[in-house]
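Asks: One structure is given below, represented as C-alpha cells, and several questions about it will come after.
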Amino acid sequence: MRKPRQIKDRSPRKLIERLRKKASPYRKYLIRGGVICLVAFISYSFLGGEFGFLNLMRMQRHRNQLQVEKRQLIAEIVDLETRLERIKSDSEYVEKLAREKYGLAKKGEVIIRIPEKLSYTPE
C-alpha cells in the first residue's frame, strides 16, 4: 500500500533553509568576495571615475583658472582698445610714443638718453 503523499511547505522561509543546507562551503567566501568587488567598484566610480569626485574637483580648479585668465584678457583688450582710440585721435600721444619707444626725433633734434634709475650698491 502506498503512503499518503506529503504536502511540501513552499513558504519562502523553508526555501531559504533548504538552499542553505544545499549550499557549498565556499558560498560564504564567494558572497564576501562579490560584496568586496561591488564596494570597490562603487568606490572607484565615486572617487576616480570619469565623473568621480576627484576628477570633478580637478575640473573645477581648471575652470576657475580659466575664468581668471578670461578676466585678465578682457582687461587687456579694454586697455588696448583705449590705447588704439587714443592713437587715432591724439597726435601728441603718437609723437610721445614715437620719441620714447622708437627713439625718433624731429629734424635738428638730438636725443640724449638718461637712465631712469641708477643702481647704487654700497660697498
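Asks: Can you tell me which residue in segment 27-80 is nearest to ILE16 (Cα to Cα), limited to those that are part of a helix (DSSP H, G or I) and of a type in the set (Phe, Trp, Tyr)?
Replies: TYR29
Asks: Are there any pairs, at least 6 apart or on different chains, whose C-beta atoms fall under 7 Å, with the first in segment 66-92 and surrounded by 10 or more Cβ atoms within 10 Å (Cβ to Cβ) and the second in a helix (DSSP H, G or I), and if so, which?
Replies: Listed pairs, sorted by first residue: ARG86/TYR93; ILE87/TYR93; ILE87/VAL94.
Asks: Report yes if ARG71 is among the basic types (Lys, Arg) and at pLDDT 85 or above, otherwise no. If you could, list the steps in order and put the result at the bottom.
Replies: Numbers: among the basic types (Lys, Arg): yes; at pLDDT 85 or above: yes.
Yes.
The values are calculated or read from the model by the stated rules, or taken from the named source; none is laboratory data. What you see is a predicted model; the values in this text were computed from it and never measured. Don't worry about glycine lacking a Cβ; one is built from the backbone with ideal geometry, like all the others, and counts go over all protein chains shown.
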